[in-house]
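Colleague: One structure, as structure tokens, below. Some questions next.
What follows draws every value from the coordinates through simple rules; no lab data is involved. Predicted model only: the values in this text are computed from it and were never measured. Please note: Cβ atoms are built from the backbone with ideal geometry, for glycine as well, and neighbour counts cover all protein chains shown.
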Amino acid sequence: MTPLLSHLLIPFIIAMFLAINMGGSGTGPSFSVAYGANVLKRNLIPGLFGIMVFLGAIIAGKNTATTIGKEIIDPGLMTFPLVSIILFSVSISLLIANLAGIPQSTSQSTVLAVVAPAAYYNSLNSGKVFLEVIPAWFILPIIAYIISYLAGRFIYKPMRRRGLTQSRAQNANLKPVWEGLIIAMSLYVAFSIGSNNVANASGPIATMTINELNLAGDKNFLLILILSTLLIAPNFAIGSSIFGNKILRNTGKEIVLFGKFEAVIIAFVSGSLLLFASLSKGIPTSLVQLNVACILGIGVAKLGPSNIFRKTEVRKFFFMWIISPAVAFGLTLLLTWIADRSGLLG
């Protein structure tokens with residue numbers, strides 16, 4: 001094995017491990033609505049999830065991959081040791097969240113893992129991070145909550161009073177329509193995940209490969225990005241199989257019981273906002289938080305705030321959303337310092 005090939009192999013293996021962890025984390029926000037509404041069996045979810053993630057990454061993932069790989073840190077710094085450190089740190093932070101059964105923001109962990117060496121080398125694109133990426137992390141969940149709350153209060157409740165949402169609809173010809181909509185929306189959310197989250201691994205890998213092969217130009221970056229995606233995206237399905245069950249149970253069953261109408265709202269709002277972030281500005285953002293914001297909006301509209309925010313699962317979610325990105329940032333910064341002191345980063 002040539003030195004160049006070994007340089008590329010190690011971060012690719014780590015990227016696949018990261019993709020497995022992202023697959024576990026992403027299963028909840030994409031298919032929890034279908035699982036919670038008892039529309040899809042659990043054993044069908046990993047395959048469907050993997051297929052749609054792959055399509056989303058290939059069709060709509062370029063902008064976010066460019067942000068992660070080239071627009072936060074000086075691309076020239078993305079060598080194989082540093083990329084390996086970044087991907088490893090994110091993987092560990094997500095593994096902790098997956099073992100706890102808490103769906104975690106892959107994008108926030110990845111961005112902070114990239115920010116750490118960028119700050120260490122004084123090459124941080126602060127305008128991109130502080131004016132575009134971080135504000136979106138706060139604004140988009142608020143929008144998701146408001147839209148879902150309004151839909152729950154002013155659309156769902158009137159339809160429920162007229163018997164159009166669940167009990168009568170389930171006994172009539174509308175039942176297959178609702179179930180088909182939920183499945184379609186779950187696939188749509190998984191597609192949105194592909195457009196955003198695969199870039200957390202493929203973006204740094206593509207930039208690193210360009211540097212190691214001494215290539216240049218957007219066409220070469222796009223080609224390497226596609227090849228990286230072909231290797232990385234299928235591992236999302238593996239992660240879904242390994243970690244998905246506990247996360248599905250936490251998000252789909254234990255926060256609030258979904259009806260089919262609410263499930264469609266949750267999936268459509270969260271998936272659309274994530275896809276918008278991916279296609280418009282290439283902003284890596286958290287589908288997990290968008291999804292939970294939608295769940296909370298619907299839940300508050302149905303049951304009131306006191307019955308939702310006191311739930312243990314919600315408190316655990318907020319706690320892990322702080323801890324996991326902090327672990328990614330701190331571990332990356334520490335390993336970058338150690339590698340730099342050891343002369344591994346050149």
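Colleague: Neighbour counts of other C-beta atoms within 10 Å: give me Ile58, Ile85 arranged from fewest to most.
Modeller: Least crowded to most crowded, the residues run Ile58, Ile85.
Colleague: Give the shape of region 1-153 as rounded, prolate or oblate, defined through the alpha-carbon gyration tensor: a ≥ b ≥ c are the square roots of its eigenvalues, a/c under 1.5 means rounded, and otherwise the shape is prolate if a/b is larger than b/c and oblate if not.
Modeller: Since a/c reaches 1.5 but b/c is at least a/b, the shape of region 1-153 is classed as oblate.
Colleague: Does region 41-92 classify as rounded, prolate or oblate by the C-alpha gyration tensor (a ≥ b ≥ c root eigenvalues; a/c under 1.5 gives rounded; else a/b over b/c gives prolate, otherwise oblate)?
Modeller: Details: a/c = 4.09, a/b = 1.80, b/c = 2.27.
It is oblate, given that a/c is not under 1.5 and a/b is not larger than b/c.
Colleague: Could you calculate the FRET efficiency of Val177 with Asn43 from 1/(1 + (r/R0)^6), where r is the beta carbon distance between them and R0 is 25 Å, rounded to 0.05?
Modeller: For R0 = 25 Å, the calculated efficiency reads 0.55.
Colleague: Separate question: Using the basic label-point model (7 angstrom from Cα toward the beta carbon), what is the Phe138 to Ser280 distance in nanometres?
Modeller: In this crude label model, Phe138 to Ser280 measures out at 1.8 nm.
Colleague: Under the classification rounded if a/c is under 1.5, otherwise prolate if a/b is larger than b/c and oblate if not, where does region 86-156 fall, given a ≥ b ≥ c as square roots of the Cα gyration tensor eigenvalues?
Modeller: The shape class here is oblate.
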